[in-house]
């Protein structure tokens, strides 16, 4: 799945973002609510700036891709941009 997000009208850095999701080639083992071992493969969601190829946001989840995972990765990217010490702070 790939989606393009345009956060501003400027040309260059942070103008066009691409969102990509993939299942990681690792297995996570944890205890379930009743004490049994549960195995799953997590999903990685990344936001990449088209101009710089910088990773603007990342989200790891055991849930398959959904609107919620896109929302979470967008929130992490936007929060990082708005930090006062970020180079492109608003």
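Residue by residue, here is whether (1) farther than 23 Å from residue 77 by Cβ; (2) assigned to a loop (DSSP other than H, G, I, E, B); (3) under 19 Å from the mean Cα position of the chain (by Cα); (4) modelled with pLDDT under 85 holds:
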| position | (1), (2), (3), (4) |
| --- | --- |
| 10 | no, yes, no, yes |
| 18 | no, no, yes, no |
| 25 | yes, yes, yes, no |
| 39 | yes, no, no, no |
| 46 | no, no, yes, no |
Quiz prompt | Breaking point among (1) assigned to a strand (DSSP E or B); (2) surrounded by 11 or more Cβ atoms within 10 Å (Cβ to Cβ); (3) modelled with pLDDT of 90 or more, for residue 56 | solution = (3)
Quiz item: Taking residue 5 and the conditions (1) in contact with a helix residue (DSSP H, G or I) (Cβ under 9 Å, 6 or more places away or on another chain); (2) at pLDDT 65 or above, which numbered condition does it fall short on, given that it satisfies the others?
Solution: (2)
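The values are calculated or read from the model by the stated rules, or taken from the named source; none is laboratory data. Quick caveat, the model's predicted, so the values are computed rather than measured. Cβ atoms come from the backbone with ideal geometry, glycine included; neighbour counts cover every protein chain shown.
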